[in-house]
Structures are given as structure tokens and as C-alpha cells.
Amino acid sequence: MSIRLKLTLWYTGLLAFSLLGFSALLYSLIASLLLSAMDDRLAGQAQDVISLIQSENDPAAVLLSGRVRLPSIDVFASQYYIQIVQADGRPVQLSENLHNRELPIPASVVQEIASGRARAYTVQTSSDARLRVVSVPLVVARRPVGAVQVAQNLAAIEDALRVIRAVMLFGGAFALLLAAIGGAFLARTVLRPVEAITRTAERITLAEDLSQRIPSAGPNDELGRLVKTINSMLARLETLFQAQQRLVADVSHDLRTPLTTIQGNVDLLRRGAADDPEMRAQALQAIGDEAARMRRMVNDLLLLAQADAGLKLQRQPVEMDTLLLEVYRQAQVMAGDRINVRLGAEDQALVLGESDRLRQLLLNLVDNALKYTPAGGQVTLTLRRRAGWVLVTVEDTGIGISPEDLPHIFERHYRADRSRSRSGGHGLGLAIAQWIAQAHGGQIEVTSEVGKGSIFTVRLPDATAEPGVKHS
Ligand code: ADP
């Protein structure tokens, strides 16, 4: 059973239940009010007759004779039936409109008359009419001598109750119908986003397309929030899925060349190069270099894949001046005699970050600077604090980057044509450096001139700066 049908049935069922309860309560209230109003009228009438009897009888005479003189009661009997009964229940006078048919008296009422108690009850006459009777004790000279019974046909009340029943029945049925239609419509409106969610989920499954989103034009209610949550979940899944696809593509793209080289050298060794010490050493060297390159590349690819999947950094205060000094020493070793590495201005600076990652960032920049600078050139490292930022620059006097290449150098696998032949890089170094900078809330900027050199500036938030003093 669909939720829509279930909701409609529940809604209508509950309404039917409460309508039924309410109608029953109202009906019995109206019925008892009408009946008690009638009883009051009948009792009043009986009281009038009793007053007349009491005014026409002298208590002393009644005591002496034991007889009660009865007045004519027909003046009261325009719309009521009246009968006067003795204490034993035998009628002694009937109003004319009764045409000598006595009002039936149940046995229990006879007892009540004898003990002088009033009573209201309903009787069925022989002509199938239902009469309401009020029996009021007739007390003369402090003695219950009988009762005055006033009756009226219940037809009027029964007719009124029949009309009320019909109105309740038809009105209730109509209300239920309206509620069922309204409930179904409401359930459909409310559940429409759920259908949209289902359709989108089906489309995603059929087309294997995670870029689909659920249209969310609705209000920001429970379902609106569900749609938003599912959409952001889809976005996250899409990112992860793309990262995974990218990793697979990158790995197969990047590992092919080194693997071919290794395979080629192994073939060479098999074909006899192993016998020649010089060739063997060359082949082993090439295999070793390629294996090392592959290891670096796989590490870089894994890091980027983790970055894509939303890797979070373990951030702690890092003394950038100490870190830069370490990088400077390593750069000197890497440069050897070929290039002059210099340390320029060096402020003391603190950055909140992961020191291994920051070292990797700077080493990538230094590695590039050394790679793309011809022998005899110069690489300068500086560290400055400016307006809430810590600025680290890696400046070289190398080949520079052309304006066409400049906007693309931070893209993965992008390598300016001229540099391809020169270095063993694989086009991931700057992408990783940029990700590390951004993951620290910073940025890498570059200015360069072909033939003159490049300046890479890493901008990181100063951990000691007051919040709000940062200017970009
Ligand atoms: P690669 O492994 O090719 O060095 P990177 O991502 O580190 O990959 O750099 C991307 C490209 O940016 C390089 O191929 C090179 O063309 C250019 N590049 C990076 N740093 C420099 C630099 N200091 N001088 C000149 N060109 C550079």
C-alpha cells in the first residue's frame, strides 16, 4: 500500500471516528434536552391541574369524607392528554381527547404513585403512538391520594431527531468525502518531492550519472531539507567518484612511460647487455631512476587523490623561519655547484599548519627553481610578514614561464613544452603545492618573465596576527 493511500485512509478514518463520536454525543445531548424540556412542560401542566384541585378541595372535608372533588380537566387538554389516577393506579378521570382510552401505567409507576413520588416515562399506546407521560403525585391534606398524569405525543420530538440524524449522516458522509479527496490531494502535494527524489535516484542508477541533482524549488521544510541533504550527498559522492576515476586515469597515464622504460631495459639486459659491465650499469641505473620516479609519482598521485577526497590537515603551530632554513640547507645540497642558493630577508613567523606538508610545498618550488634554472644561475629564498600574512618567495634566474603557460602551470599534468625535455618532472609538483597552500587557507602566486626568471610567492595566514587585520 502506498504511503499516499495510507495517509489518506488514516486521515479519513480518524476524521470518521471523531465525527461519529461527536455526532453521537451531540445527538444524545439534543435528545435528552428536548425530552427534559418536554418533561418540564408536562410537569408544569400537571402542577396547574393539582393547584386547581387543591384550591377546590377543603382539606378538612377531604379528611372527613376521604373523597376528593375533581374539577373539569378538559380546559387543560388542548395539546396534552390528562388522566387523574387514585393511589392504587386506577384512573378516576380522563381528559376528553383520550376518548376513554386510559394512559397505560407500568407496574413500577403504580408503586411510585402509591408512595407519592413523581415520575416521567414513555409508553406505547395501542395505536402505535409513543407518548411521554409525567406523573406528579396529588397530595391533599398532606396525604398522597393519587397522581395527575399529563402526556404528550413524542412524534414532534422524534421527527426533529430524525431530521437531525439525517443531517448528521449526510453531512458527515459529505465531510468524509471532502476529507478523503482533500487528504489524497494533500498527501500527493506533500509527497511530490519524494517522487522527484525517487525519479532522480532511478535516473542516477540507470544512467550511472552522479551529476544529476534533485530539483528543489519547494519550501525549506523537512522534505526541502532532505532534498538539500541528498543533493549535497550526491555532490560529495560525485567528488569522491571523480577523484577515484582521476586517480585511475592518472596512474595508468603516468606509470606507462616509466614502466615501458623499465621493461625496455630489462629486455636489453636479457638480450645480452648484462654481459657488458658498462651497458649493464647503464640499464640498472635507468631502471633504478625510473623506479624512484614512479615511487615519487605514486606518492604524489595518492596525495592528490586524498586531497580530492577531502583530506583534513593536522594543524599545529609551525615556525616558518626554522622550516625555511631546513629547506635552504636541502636546496644547497640539491643545487651543488651548479646553482647559487641564497637566503634573503628572513622574518620570524608562525603558521598554523602541518610542517611536513609545508616542507613539501617549499621543496616542490625549490626543486622547480633548480630544475628550470641553467647552471650559474641563482635561487633566492625569503620570508616576510605582511598585514596578517606570512609570505615565502622562491625566486630564480631561470628560463621563466611564457604568458600563455602561466595560467595553466598549477593544473595537474600541465608542463610547458620547453621544459619537457629538460626535466624528469611529471607535472604534479605545482598542483600539490597549490593544494597544500589552499588547505592552509593560503595561495601561491607567480610572476615570471621568459629568459629572466620566475618568482613564486606563497601566502599563508600569520598565526600571530590579530583576527581581522588580514589584507589580500
Ligand atoms: P614538473 O614536474 O613538470 O616540474 P610542476 O607542476 O612542478 O611539474 O610544474 C609545471 C610546469 O610549470 C613545469 O613543467 C614548468 O613548465 C613550469 N614551471 C614550474 N616552475 C618553474 C620555474 N621555476 N621556472 C620555469 N618554469 C617553471
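For this structure, a couple of remarks:
- Residue in the stretch 398-413 that is more than 12 Å from the ligand (Cβ to nearest atom) and modelled with pLDDT under 95 present: yes
- Candidate set: the stretch 342-359, residues that are of a type outside the set (Gly, Ala, Ser) and surrounded by fewer than 16 Cβ atoms within 10 Å (Cβ to Cβ); chosen: the one farthest from Ala465 (Cα to Cα): Arg342
- Scanning the stretch 330-343 for residues that are in a strand (DSSP E or B) and of a type in the set (A, V, I, L, M) returns Val341, Leu343.
- Members of the stretch 284-300 that are out of contact with any His (no Cβ under 9 Å at 6 or more places or on another chain) and either more than 12 Å from His426 (Cα to Cα) or not β-branched (Val, Ile, Thr) (or both): Leu284, Gln285, Ala286, Ile287, Gly288, Asp289, Glu290, Ala291, Ala292, Met294, Arg295, Asn299
- Counted residues, the stretch 143-165 - those being touching a residue at least 40 places away in the same chain (Cβ under 8 Å), surrounded by fewer than 16 Cβ atoms within 10 Å (Cβ to Cβ) and not in a strand (DSSP E or B): 2
- Qualifying positions in the stretch 448-462 - part of a loop (DSSP other than H, G, I, E, B) and either crowded, with 18+ Cβ neighbours inside 10 Å or outside the structural domain of Thr380 (by TED's automatic domain parsing) (or both): Asp462
- Annotation note: of Thr464, Thr393, Thr382, Thr447, the sole residue that is modelled with pLDDT under 95, of a type in the set (S, T, N, Q) and over 26 Å from Ala286 (Cβ atoms) is Thr464.
- As a summary of the residue check, Ala291 satisfies the conditions (1) at negative phi; (2) under 42 Å from the mean Cα position of the chain (by Cα) except for the one numbered (2).
- Qualifying residue in the stretch 184-206 (condition: closer than 30 Å to Leu301 by Cα and without any contact (Cβ under 8 Å) to a residue 24 or more places away in the chain): yes
- The set of residues from the stretch 360-397 being under 13 Å from Ala331 (Cβ atoms) and either near the ligand (Cβ under 8 Å from one of its atoms) or surrounded by fewer than 17 Cβ atoms within 10 Å (Cβ to Cβ) (or both) comprises Asn364, Leu365, Asp367, Asn368, Ala369, Lys371, Thr373, Gln378, Val394, Asp396.
- When residues of the stretch 221-265 are limited to those that are of a type in the set (Val, Ile, Thr) and surrounded by 15 or more Cβ atoms within 10 Å (Cβ to Cβ), the one nearest to Arg192 (Cα to Cα): Val227
- Residues that are among the β-branched types (Val, Ile, Thr) and more than 19 Å from Gln45 (Cα to Cα) were ranked within the stretch 110-128; the one that is modelled with the lowest pLDDT is Thr125.
The values are calculated or read from the model by the stated rules, or taken from the named source; none is laboratory data. Given the structure is predicted, the values throughout are model-derived calculations rather than measurements. Don't worry about glycine lacking a Cβ; one is built from the backbone with ideal geometry, like all the others, and counts go over all protein chains shown.
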